[in-house]
1. Eigenvalues of the Cα gyration tensor times 5, then square-rooted: what semi-axes does that give for the range 2-165, in whole angstrom, largest first?
2. Only helical DSSP H runs with n ≥ 4 go in: add -39500 (n - 2.57) per run for the chain, normalise by residue count and round the 222 nm mean residue ellipticity to 500 deg cm²/dmol.
3. Using a Förster distance of 41 Å, how high is the FRET efficiency between residue 75 and residue 95, based on the Cβ-Cβ distance and rounded to 0.05?
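Just so it is clear, none of the values below were taken in a lab; they were calculated from the coordinates. If you're wondering where the values come from, they're calculated on a predicted model, not measured in any experiment. As a convention, Cβ positions derive from the backbone with ideal geometry for all residues, glycine included, and neighbour counts pool all protein chains shown.
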Amino acid sequence: MLAARVTLPIGIRLSAGIFASAAFLGILKFSSLYPLPSWHAFFIMLGAVSALPLWAIAAFDPMARVVGEIHFALIFIGIMAVLGIIIVVFAHWPLYADVLALLSSCIVIAGGMYSRQWYKLSGGCVLFCAFLLFATKISVSFLKSGDILHLGMGLGLWLSSRSNID
């Protein structure tokens, strides 16, 4: 939905598109319709190392050139994706994606506090809690850590984008 909104800055739309790709590949993976489950994992990693930092920049400074101009946004996504692939895949340090996701959610929280936008602040808090619970593999009631991550990301991204939609 967010990726198709022309009124939103390009950085938010690119990030939402990466999140939507990971979600769509996840549906195909878990329904056994797609024979290559590694693509889902790749887009999850891509979202954590490139789309979430761009989303955080958009939350903190919506007027940043990297958020509003396509070539800067693509350069940012590309550089962060290459760094993420090098660190996560080749250096075998998957914790990098978790740390970057937590840091990105902290920047969303700071952006919400700085701009006094409570939707953005609460969205950042939801994202932070979801990432923290997923990183520590904590389950709550009947929900597994992956379920909490998906629900938390959906709610957190929606809340943190409310100030850009309204």
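1. Listed largest to smallest, the semi-axes of the range 2-165 are 23, 19, 16 Å.
2. Values: 8 runs with 118 residues, N = 166.
Value at 222 nm, helices only: -23000 deg cm²/dmol.
3. Efficiency at R0 = 41 Å is approximately 0.95.
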